[in-house]
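**Student:** Right, I'll just put the structure down here and ask away after.
All of the numbers you see were taken from the coordinates with simple rules; none came from a lab. Just so we're clear, the structure is a prediction, and the values are computed from it rather than from any experiment. Note that each Cβ is placed from the backbone with ideal geometry, even for glycine, and that neighbours are counted across all protein chains shown.
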Amino acid sequence: MPDIAGLAESVINLVTSLLHLRLISKNKEDIKVKAELKKNDELPLEVLLRDGVYYKLDGNGPYCTGCYDEKLKLIRVNTLPDRFHQRFAKYKCPVCKATYRGEC
Ligand SMILES: [Zn+2]
């Protein structure tokens, strides 16, 4: 705990903690709402399926479909480095090692 001399600092700390708490509880609520919706509806809520991979609604991605479907984790797939590999697959998930052709 801060001492009396650090009153201003403690106020700042308090405000910062409150902001953090608000952020944390908001995130928890979001996660809870998503989890509840997920139970009722198996479709991904925050991603779009395009060319066999997921993209976020804001255009970020692509992400592994397997990891999201199984664990609700957005794992960004790696782009394979050269044309030889890309003849077979364009993207590879670093976690589950799934490969994706992506757009042709
Ligand atoms: Zn994966």
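**Student:** So if I place +1 on the C-beta of Lys and Arg and -1 on the C-beta of Asp and Glu, and nothing else carries charge, what would the dipole magnitude of region 43-104 be about its Cα centre? I want it in debye, nearest 20.
**Tutor:** Values: 11 positive and 7 negative charges, 53 e Å.
For region 43-104, the charge dipole is close to 260 debye.
**Student:** Could you go through region 50-67 in sequence order and give the Karplus-derived ³J(HN,Hα) for each residue, using 6.51 cos²θ - 1.76 cosθ + 1.60 with θ = phi - 60°, rounded to whole Hz, and x for Gly and Pro?
**Tutor:** Per-residue couplings from phi come out as 9, 6, x, 10, 8, 10, 5, 5, 7, x, 5, x, x, 10, 5, 6, x, 5 Hz.
**Student:** How do 9-19, 47-57 rank on mean C-beta neighbours within 10 Å, highest first? Please report the intermediate quantities before stating the final value.
**Tutor:** Working: 9-19: 11.1, 47-57: 15.9.
Taking the mean over residues of other Cβ atoms within 10 Å, the ranking is 47-57, 9-19.
**Student:** Which whole-Hz ³J(HN,Hα) couplings does region 86-98 yield from phi under the Karplus relation 6.51 cos²θ - 1.76 cosθ + 1.60, θ = phi - 60°, glycine and proline marked x?
**Tutor:** Result, rounded to whole Hz: 6, 5, 9, 7, 9, 10, 9, 7, x, 9, 9, 6, 5.
**Student:** Could you derive backbone 3J(HN,Hα) for region 73-82 from the dihedral phi with the Karplus parameters 6.51, -1.76 and 1.60 (θ = phi - 60°), listing whole Hz in sequence and x where the residue is Gly or Pro?
**Tutor:** 10, 8, 9, 6, 7, 7, 7, 5, x, 9
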